[in-house]
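Undergrad: Structure incoming, see below.
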Amino acid sequence: MASLLSLKGLHKSYFNEEIETAVLHGIDLDIEKGEFIAIMGPSGSGKSTLMHILGFLDRPTTGTYHFLGEDTAGKNDDELAAIRATKVSFVFQAFHLLPRATVLENVLLPLLYHPGIAPADRENYAQKAIASVGLSDRATFFSSQLSGGQKQRVAIARALVTEPELIFADEPTGNLDSASGLQVMEVLEKLNQAGHTIILVTHERTTAEFADRIVHIKDGLIESDTRTHERRRAGADVKLK
Amino acid sequence: MHFSDLLSTASKSLQRNIAKSTLTMLGIVIGVGSVVLMSSVGASMEKVILSQISSLGSRSMVIFPGSEQEGGASQVFAGHDSLTFDDIERLEQLTTIESVAPIVFMSGPVKRGREESSAQILGAHPNFFSNQNMEAAEGRLLDIYDNDRAARFAVLGPDVKEELFGESDPLGKEITVGDSSFTVVGVAQALGSQFFQNADDRVYVPLSVARQATGQKYANYITMLATASFDVAFADVQGLLRDRHKIENPEDDPEKDDFIVHSSEQANAILSSVSLGLTMFITTVAAISLLVGGIGIMNIMLVTVTERTREIGLRKAIGARPRDILLQFLAESVALTLLGGIIGLVFGLVFAYLIAIIAQSFLSTYVFAVSVPSMVASVVMAALTGIVFGISPARKASLLDPVESLRYE
């Protein structure tokens, strides 16, 4: 598989009134295209910070981050925004849908910022994305009329619509009951099988077990990095029954 | 982000918060509405005044006795006797003056039986009627023969006719003016008001009769018609009267003269200075109301940015650049003020129209008029208000950190 991203000696510190708080203490990580990887760790471990840096929402303090073979250091805000618009996308724990907008409007949203998709084609892309999460019959519903699981599936459709290289899912099941959470994980699993690279950030082992590879983070360092393909399959089969 | 996306995003955001958007716009609506209303009423009044001036004709001049006071406001000292009939004879000889019509006021009640009118009584030279472009509504006006033989004939203004005769025919009937009896020979056409005096509440008698009755050796005022250019005639009249009255006034100081020459052209000049004053007044009101409206917009936009912090975070996460966020919020505030401006424009016009309908029942010459420059300027200013007061909230939104914004509760 081709390399998607590569981190070398990544550090991240926050400065608050000259007091330095180090969050990541030197992360080395390589992720290839098509992987389904879970980043696990207790709260405060730095897993969210890592995801924000990987997703170009934040910058490392030191260390290198190569994305699609390109060093991302020195890119300005607009260039990072362009990467977020076209190459990566996010599914958040809190869904972050516009409440008084329809499902279709929510899914169309990222295309406003995507330079490569013509306005005339937007609706096709959006309908395709909505269909792939099984919500075509809800396209005209307001997002406030949907259940939590449906909301998260809309958020997944929104993440898919730009056909990104990489999808981040930040505690995607955190606000859902277990049945809805399972549905959402199945959608993500299907997307991975269709070739999408997915990085899942979670502290729940059952959710993480959908991934092929689990990276444990503790106190800003990678504690373990294990491929779990067989175990995940077994685990998933059990759950699906 | 395409421009059309910007517009549709802004309009959707405003629609999603329709109640708040409406309330936010209210300041601008009222501001622009009042400006449009006031400028329309101002334009209507200007037309009313212009119609009074132009009814006199552009060659017409009026000379009053007295001297003009400082500050451009003219003041006539009543009873001043500077315009003698010897002056008038000399004025008639000027080649630049076509006709001269002196007026002598008579006093005393105007009566018909028990009906009484407080009309003004003008002893008018027959030229007066032609100078004023007046015609008779009934019967005839006074002519030179009436004047020569000092006939006890009277022409009534339409209001006097109404007062004394109601609907009945006044022609050939007798009325009493002061102590004498007069025969009504005609009714003048309606003039409305001239220089803000009711020109219809008048009784005209021959000048010779008024001179006999009062024994006056001077005219209360004189109307004249210039042959061609007002400017040349004005200089001639001024030179003649200064010469005769022994006034040294090479610097043209109106306070030194003992007469005042008015013309419709001068009245036009006064009108334009009045309308300049009105424009400045409206501009001040517009500036204040747009300032207040703009502060309201800024206030609401700042609240909106805070309320929508998570939306801003999301938009940034899905690829919006700081510039996109800035333009989005700026577009929203401009859309609010522009829409408010347009709604205000419509309301202002509707109210101005209603006022015109009501005003017409009091002032028949009132017409509905609009000031297009004021309308355009107030809407454009409203839109600019949106930019000026929207820029700071929009900038605040554009600079939000995406990670912090997404976590905002």
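The values are calculated or read from the model by the stated rules, or taken from the named source; none is laboratory data. Predicted model, so just to flag it, every value in this text is computed and none were measured. Here the Cβ is made from the backbone with ideal geometry for all residues, glycine too, and neighbour counts use every protein chain on show. The accessibility values were calculated without ligands, DNA or RNA, using every heavy atom of the protein model including side chains. Shrake-Rupley method; radii C 1.70, N 1.55, O 1.52, S 1.80 Å.
Undergrad: Remind me, relative contact order of segment B:83-244 in percent, using alpha carbon pairs under 8 angstrom and six or more residues apart?
TA: Computed value for segment B:83-244: 35 percent relative contact order.
Undergrad: With solvent modelled as a 1.4 Å probe, how much accessible area in total do chains A and B shield from it at their shared surface, in Å² to the nearest 100?
TA: 2200 Å²
Undergrad: State the antiparallel share, in %, of DSSP beta bridges confined to segment B:83-244, rounding to the nearest 5.
TA: Bridges in segment B:83-244 are about 75 percent antiparallel.
Undergrad: What is the percent carbon and sulfur in the accessible area of segment A:1-144, measuring with a 1.4 Å probe over the protein chains and ignoring ligands?
TA: After summing per-atom areas, the C and S share lands at 52 percent.
Undergrad: According to the square roots a ≥ b ≥ c of the eigenvalues of the Cα gyration tensor, what is the shape class of segment A:123-211, taking rounded for a/c under 1.5, prolate for a/b larger than b/c otherwise, and oblate for the remainder?
TA: oblate
Undergrad: Note down the accessible area of A:Glu189, probe 1.4 Å, to the nearest 10 Å².
TA: Estimated to the nearest 10 Å², A:Glu189 gives 20 Å².
Undergrad: Further question on the same structure: Would you compute, from DSSP H runs of 4+ residues alone, the mean residue ellipticity of chain B at 222 nm, taking -39500 (n - 2.57) per run and dividing by the full residue count, rounded to the nearest 500?
TA: -19000 deg cm²/dmol
Undergrad: What is the angle, in °, between the Cα long axis of helix A:77-86 and the longest principal axis of the Cα atoms in chain A? Nearest 10 is fine, range 0 to 90.
TA: Between the helix axis and the principal axis of chain A, the angle is about 50 degrees.
Undergrad: Taking one equal scatterer on every alpha-carbon of chain B, how large is log10 of I(q)/I(0) by Debye at q = 0.10, 0.11 1/Å?
TA: -0.78, -0.86
Undergrad: Same structure, new question: Give the residue list of GluC sites (Glu not before Pro) in segment B:140-171 that are DSSP loop and have at most 10 other beta-carbon atoms within 10 angstrom.
TA: B:Glu167
Undergrad: Angle check, please: helix A:178-193 long axis (alpha carbons) against the longest principal axis of chain A (alpha carbons), in degrees 0 to 90, nearest 10.
TA: Taking the Cα atoms of chain A, the angle to A:178-193 is about 80 degrees.
Undergrad: How many angstrom separate the Cα center of segment B:1-37 from the Cα center of segment B:114-169?
TA: When both Cα centres are located, 61 Å separates them.
Undergrad: Do any residues of segment B:312-348 show a loss of at least 30 square angstrom of accessible area between the isolated chain and the full protein assembly, using a 1.4 Å probe, and if so which?
TA: Relative to the lone chain, where solvent access is computed with a 1.4 Å probe, segment B:312-348 loses at least 30 Å² at B:Leu314, B:Arg315, B:Ala317, B:Ile318, B:Gly319, B:Arg321, B:Pro322.
Undergrad: Computing the accessible area with a 1.4 Å probe over protein heavy atoms, can you report the carbon and sulfur percentage for chain B?
TA: Ligands and nucleic acids excluded, carbon and sulfur reach 61 percent.
Undergrad: Now for a different question. Out of all DSSP beta bridges in the protein assembly as shown, what portion is antiparallel? Express it as a percent rounded to 5.
TA: About 70 percent, rounded to the nearest 5.
Undergrad: Enter the accessible area of A:Asp170 (Å², nearest 10), with the probe set to 1.4 Å and all protein chains included.
TA: My reading of the accessible area for A:Asp170 is about 30 Å².
Undergrad: B:Asp243 to B:Asp81: FRET efficiency via 1/(1 + (r/R0)^6), r the Cβ-Cβ distance, R0 25 Å, to the nearest 0.05?
TA: So, using R0 = 25 Å, E works out to roughly 0.85.
Undergrad: Please list A:Asp28, B:Asp258 in order of solvent-accessible area, largest first, computed with a 1.4 Å probe with all protein chains present.
TA: Output order, biggest surface exposure first: A:Asp28, B:Asp258.
Undergrad: Now a separate question. Step through the table entries A:Lys33/A:Lys87; B:Lys316/B:Lys396; B:Lys111/B:Lys217; A:Lys87/B:Lys12; A:Lys12/B:Lys396, compare each Cα-Cα distance with 21 Å, and write down the pairs that go over it.
TA: Going by Cα-Cα distance, B:Lys111/B:Lys217; A:Lys87/B:Lys12; A:Lys12/B:Lys396 fall outside the 21 Å limit.
Undergrad: Can you tell which of B:Gly319, B:Gly277, B:Gly341 shows the greatest fluctuation in a Gaussian network model of chain B with Cα springs below 10 Å?
TA: B:Gly319
Undergrad: Counting DSSP beta bridges with both partners in chain A, what percentage is antiparallel, nearest 5?
TA: 60 percent
Undergrad: About its Cα centre, what dipole magnitude does chain B give when the only charges are +1 on Lys and Arg Cβ and -1 on Asp and Glu Cβ, stated in debye to the nearest 20?
TA: Dipole about the Cα centre, nearest 20: 2500 debye.
Undergrad: I'd like to check one number: the per residue accessible area of the protein assembly as shown, probe 1.4 Å, reported in Å² as a whole number.
TA: 46 Å²
Undergrad: I'd like the distance between the alpha-carbon centres of segment A:1-71 and segment B:351-366, rounded to an integer number of Å.
TA: When both Cα centres are located, 74 Å separates them.
Undergrad: So, one more: Quote the charge dipole size of the protein assembly as shown about the Cα centre in Debye, to the nearest 20; the model charges only the Cβ of Lys and Arg (+1) and of Asp and Glu (-1).
TA: 3060 debye
Undergrad: Shifting gears a bit: For A:Arg227, A:Arg213, B:Arg90, B:Arg112, what's the largest-to-smallest order of accessible area, 1.4 Å probe?
TA: Sorted descending by solvent-accessible area, the residues read A:Arg227, B:Arg90, B:Arg112, A:Arg213.
Undergrad: Here's a follow-up. Cross-link candidates for A:Lys128: which aspartates and glutamates have Cα within less than 19 Å, leaving aside residues fewer than 8 places away along the same chain?
TA: Straight-line reach from A:Lys128, under 19 Å: A:Glu105, A:Asp137, A:Glu163, A:Glu165, A:Glu186, A:Glu189.
Undergrad: Could you work out how far helix A:122-132 tilts from the main Cα principal axis of chain A, as a 0 to 90 degree angle to the nearest 10?
TA: 90 degrees
Undergrad: Work out Dmax and Rg for chain A from the C-alpha atoms and quote the Rg first, both in angstrom.
TA: For chain A, the Cα radius of gyration and maximum Cα-Cα distance read 17.7, 54 Å.
Undergrad: I would also like to ask the following. Could you work out how far apart the two model spin labels at B:Val346 and B:Glu116 are, taking each label as a point 7 Å from the Cα in the direction of the beta carbon, and quote it in nm?
TA: Those two pseudo-labels are separated by 5.8 nm.
Undergrad: List the residue ranges in chain B for DSSP H helices whose C-alpha atoms run 18 angstrom or more along the long axis and whose Kyte-Doolittle average is 1.0 or above.
TA: B:18-54, B:264-307, B:322-362, B:372-398
Undergrad: Which of the trypsin sites (Lys or Arg not before Pro) found in segment A:85-171 are in a DSSP loop and have at most 16 neighbouring Cβ atoms, other than their own, within 10 Å?
TA: When the trypsin sites (Lys or Arg not before Pro) of segment A:85-171 are filtered for loop state and at most 16 Cβ neighbours within 10 Å, A:Arg100 remain.
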